[in-house]
1. Could you work out the per residue convex hull volume over the alpha carbons of segment 97-186, in cubic angstrom?
2. If I take every Cα pair under 8 Å that is 6 or more residues apart in the chain, average their sequence separation and divide by the length, what percent do I get for the relative contact order?
3. Run the lone-cysteine check on the chain: no other Cys C-beta under 4.7 Å from the residue's C-beta.
4. Using only alpha carbon pairs under 8 Å that are at least six residues apart, calculate the relative contact order of segment 61-201 and give it in whole percent.
5. Measuring from label point to label point, each 7 Å out along Cα→Cβ, what is the Gln10 to Asn121 span in nm?
6. Select from Cys120, Cys72, Cys155 the residue whose mean-square fluctuation is largest in a Gaussian network model of the chain (Cα-Cα springs shorter than 10 Å).
7. Normalised by the empirical 2.2 N^0.38 Å for globular proteins, what value does the Cα Rg of the chain take?
8. Measure up Lys31/Lys65; Lys60/Lys125; Lys31/Lys221; Lys96/Lys147; Lys60/Lys147 against 28 Å on the Cα-Cα distance and list the ones that go over.
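Just so it is clear, none of the values below were taken in a lab; they were calculated from the coordinates. Please read all numbers here as calculations on a predicted model, not as lab measurements. Counting neighbours? That spans all protein chains shown, and the Cβs are built from the backbone with ideal geometry, glycine included.
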Amino acid sequence: MGDKKQDELQMIPVYIMGKKYDVPAELTIMKAMEYAGYQLIRGCGCRGGVCGACATVYRKAGDYKIYTGLACQTVAEPEMYLAQLPFYPANRATYKFDEIEAQAETIFALYPELFRCVACNACTKVCPMDVQVMDYIAELKRGDIEKAAKTSFDCIQCGLCASRCMGELPQYHIAQLARRLAGGKLAPRSEHMAEIVRQINDGAFDKWIADLKAMDQDQLKEVYSNREMEPHMGDENWRPKENRGLVS
Ligand code: FES
């Protein structure tokens, strides 16, 4: 809204949960709701399009279609009818991660709903992150956990896919399991990570952290400005401890 005074603002009518409000044009749905007096306790998290808390369903004036989006990212339009879905009840399997295998059968057993997919693609159409939801479901039916983990990588767990699913699948929970299995049990182990964890456990960074804690704000800013960024990029011989010069 910048510095515009209230009487200079262009106001637009929107319908929030069925009630009409006049709100300034160009606000996101989330800000429009707050302008209208809603105090968001559920349905609001990061405000930056990454937490998935603000799934919203809306219609536009004169348009029969149901649209979906993230309230923190979608700009309100005149005569928009909208409602938020801060939570959508979808089955989430319970499992002990250490005790399950990274195999297709694990997913089939925990989520037999997978095979109720009717390939209507409604899930992909509503996804605000443009994730190819139906594709990763098909990949999982074929048992390709790693492919499904990659295809679903941008999922932010908003649940809109499940809200529109003809087969009543909890797609986003299934995809999360696939990513956990891929990342935790199928991806190769990082030697650099193991090495840095060993150094941390050995106390190699204790003095450095103590020095940082003792600095005032200006000193911290200087250290931050002069930091070495991505020192390992493209350097196969990178070694975290020596190259970063963190440890005296
Ligand atoms: S508030 Fe986190 S995605 Fe909108």
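1. Numbers: hull volume 6.9 nm³, N = 90.
About 77 Å³ per residue, rounded to a whole number.
2. Relative contact order comes out at 14 percent.
3. Those would be Cys44, Cys54, Cys72, Cys117, Cys120, Cys127, Cys155, Cys158, Cys165, since no other cysteine Cβ in the chain comes under 4.7 Å of theirs.
4. Working: 161 pairs, mean separation 36.3, N = 141.
Normalised by residue count, the contact order of segment 61-201 is 26 percent.
5. 3.5 nm
6. Cys120
7. 1.33
8. Lys31/Lys221; Lys60/Lys147
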